[in-house]
1. For a Förster distance of 30 Å, can you work out the FRET efficiency between the beta-carbons of Ile126 and Glu63, rounded to the nearest 0.05?
2. For the chain, give the magnitude of the charge dipole about the Cα centre (Cβ charges: +1 Lys/Arg, -1 Asp/Glu; no others), in debye to the nearest 20.
3. When the chain is treated as a GNM, springs tying every alpha-carbon pair under 10 Å, which of Ala61, Ala37, Ala16 comes out with the largest mean-square fluctuation?
4. Just want the ordering: Thr7, Thr32, Thr110, from fewest to most Cβ atoms lying within 10 Å of their own Cβ.
5. Mind checking which of Ile109, Gly26, Ala69 is farthest towards the positive end of the chain's charge dipole, using Cβ charges of +1 (Lys, Arg) and -1 (Asp, Glu) about the Cα centre?
6. Report the extension gain between Asp6 and Glu91 in nm, rounded to one decimal, defined as 0.36 nm multiplied by the number of residues separating them, less their alpha carbon distance.
7. When the dipole is taken about the Cα centre of the range 84-126, and only Lys, Arg (+1) and Asp, Glu (-1) are charged at their Cβ, what size is it in debye, to the nearest 20?
8. Before rounding to the nearest 500, sum -39500 (n - 2.57) across all DSSP H runs of length at least 4 in the chain and divide by the residue total; then give [θ] at 222 nm in deg cm²/dmol.
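Nothing in this text is a laboratory measurement; each read-out follows from the coordinates by a stated rule. Every value quoted in this text rests on a predicted model; they were computed, and no experiment measured them. All Cβ positions, glycine included, derive from the backbone under ideal geometry; neighbour counts span all protein chains shown.
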Amino acid sequence: MKGNLDTKQLESMKKADLQALARELGVSDEGTIKEIAARCAAVEVDVPDESELTEEDKELAREAEAEQAKQEKRQQENKPGEGKARVKVLERYLDKRLNQIKEPGEVFITDKERAEVLAGKELVKIVE
């Protein structure tokens, strides 16, 4: 049976792994992750029928699903919760509350009130 690979799943791969897959599929491995994933997804591949899978293949599929679930859980934990905001540092400063030096480009999660205070001082930009 023929089919295509899932673009979102391909985009979640590491770039080196995605480039190796692209070479294996015979497409260019140059460019961004999104570009490489789009090229890989455009290639038709043989998709084994569920009845054709061996026990080893089924075990590998279960492990891959478990890994995907772990990644999704990590991404959920990385999102700001209720009353929280994700901020991006614009200017280097000493955060006395956290007792840390924050560097430009650094992204972290803090409470919304603190984010508004820091944004008012133009030290951070509220991302979400």
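1. So, using R0 = 30 Å, E works out to roughly 0.20.
2. Taking the Cα centre of the chain as origin, the dipole is about 1260 debye.
3. Fluctuation is largest for Ala16.
4. Final ranking by Cβ density, sparse to dense: Thr32, Thr7, Thr110.
5. Toward the positive end, the furthest listed residue is Ile109.
6. My answer for the length gained is 26.7 nm.
7. About 100 debye.
8. Mean residue ellipticity at 222 nm (helix-derived): -14000 deg cm²/dmol.
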